[in-house]
Every structure is written in C-alpha cells, then in structure tokens.
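Enquirer: Submitted below is the structure of interest, expressed as structure tokens.
Rule-based calculations on the coordinates, nothing more; no lab input. All of these numbers come straight from a predicted model, not from anything done at the bench. Note that each Cβ is placed from the backbone with ideal geometry, even for glycine, and that neighbours are counted across all protein chains shown.
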Amino acid sequence: MTIKVGDKLPQATFTVMGPEGPGPKTGDELFKGKTVALFAVPGAFTPTCSAKHLPGFKEKAAELKKKGVDVIACVSVNDVFVMDAWGKAQGVGSDILMLADGNGDFTKAVGLELDASRFGMGPRSQRYSMIVKDGVVTELNVEQGGEFRVSSADYMLEQL
C-alpha cells in the first residue's frame, strides 16, 4: 500500500556518509521534530536525476529553508558510496542530505518501489517528493510515467 498524506512514515534506517565513513541515520533522527523536504530519485547519476532533480533542490535550498524546511534529503535505492560520490559530483555540500536506501527497505515500506529491470537497473524508487512534518507526510507528489514536474523543488515551494 502506498503511503498517503496524513500517514506517519514507517520506521526506517538509511545509510549516510559521515567524516568517519558510512553510518546509520534512523528515521527518528531525521524526521522527529523537524520539517523535511524529502525527494526520491530512481538512480544517482541518471540523466533526469542529475540534470534536473538534484540540481533543482540545490538551487532552491535557501528558499526552501526560508519557508520552514529544516532538512532537505535525497533518497535513492543506491549504496552509500554512490550517493556520496553523486552528492560530491553535484556539489550539494551540506545543503542536501544524501540518503542511501541500499536494499530499498524504506522505498518498499512507503509503497513507492519501481521495477526498472527492463532498463537493467532492477528494483528502484519511483520519482517523488514529500513534505514531512515530525514524521507525518503533509504533501506527497508522485510522478507518473517518466515525467518530471510534481516532484521538483519549484513545485514543492508552491506547497509551503
């Protein structure tokens, strides 16, 4: 079942790259008492994700924070090393938290998985964005059929 507005996010543990190397980041650490702009991409270094999705959130980070967002986070069914390399290649710095959902556990738990086997990519995440306040989804924007519109930073800014 797909998560919907008003639902509390399921328990999750992501992997993030820190100064000491890879480490866990729980959903409670990420979402409790905060407003989070979370967006998901099918894959790091893929064309739309690298050309539009991640750069849009990087470009609009200050505006999102002015509108009350505490954390901007990007999640993908990729390993932590790929997410870290992609974040560095895109110059996100501390503006965007790069979350690895390596086994797709979070993606499956929110019901937003994508079978990209026909592209040789295996199980991935759908492209979406959500605003999460204290662990509860207040906005959810899921793209349809390869589009890139409602999950963008610009669209999210209109919702805040």
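Enquirer: Report, by residue number, each residue of segment 116-157 that is in contact with a strand residue (DSSP E or B) (Cβ under 7 Å, 6 or more places away or on another chain) and charged (D, E, K, R). Before the answer, list the steps.
Expert: Here is the first cut: in segment 116-157, the ones in contact with a strand residue (DSSP E or B) (Cβ under 7 Å, 6 or more places away or on another chain) are 116, 123-133, 135-143, 150-151, 155-156.
Across segment 116-157, the qualifying residues are ARG124, ARG127, LYS133, GLU139, GLU143.
Enquirer: Which of the numbered conditions does PHE106 fail, given that it passes all the others? Conditions: (1) under 27 Å from MET1 (Cβ atoms); (2) aromatic (Phe, Trp, Tyr); (3) assigned to a loop (DSSP other than H, G, I, E, B).
Expert: (3)
Enquirer: Something else now. Filter segment 88-103 down to residues that are in contact with a Ser or Thr (Cβ under 8 Å, 6 or more places away or on another chain) and either under 20 Å from THR13 (Cα atoms) or among the hydroxyl-bearing types (Ser, Thr, Tyr) (or both), then give me how many there are.
Expert: 4
Enquirer: Another question, then. Regarding segment 118-138, can at least one residue be identified that is surrounded by fewer than 21 Cβ atoms within 10 Å (Cβ to Cβ), in contact with a Pro (Cβ under 8 Å, 6 or more places away or on another chain) and either in a loop (DSSP other than H, G, I, E, B) or not charged (D, E, K, R) (or both)?
Expert: Looking through segment 118-138, at least one residue is surrounded by fewer than 21 Cβ atoms within 10 Å (Cβ to Cβ), in contact with a Pro (Cβ under 8 Å, 6 or more places away or on another chain) and either in a loop (DSSP other than H, G, I, E, B) or not charged (D, E, K, R) (or both).
Enquirer: Something else: Just wondering, is there one or more residues in segment 138-157 that are closer than 16 Å to PHE14 by Cβ and among the small types (Gly, Ala, Ser)?
Expert: Taking segment 138-157 and keeping what is closer than 16 Å to PHE14 by Cβ, we get none.
Checking segment 138-157: not a single residue is closer than 16 Å to PHE14 by Cβ and among the small types (Gly, Ala, Ser).
Enquirer: A further question follows. What's the total number of residues in segment 139-160 that are of a type in the set (D, E, K, R) and in a helix (DSSP H, G or I)? Explain how you work it out, then say what you get.
Expert: The first filter runs over segment 139-160 and keeps only residues of a type in the set (D, E, K, R), leaving 139, 143, 147, 149, 154, 158.
Filter once more, so that each one left must be in a helix (DSSP H, G or I): 154, 158.
Of the residues in that region, 2 qualify.
Enquirer: To continue, here is another question. Taking VAL75 as the residue in question, decide whether it is β-branched (Val, Ile, Thr), more than 17 Å from ILE131 (Cα to Cα) and surrounded by 20 or more Cβ atoms within 10 Å (Cβ to Cβ).
Expert: Values: β-branched (Val, Ile, Thr): yes; more than 17 Å from ILE131 (Cα to Cα): no; surrounded by 20 or more Cβ atoms within 10 Å (Cβ to Cβ): yes.
In short, no.
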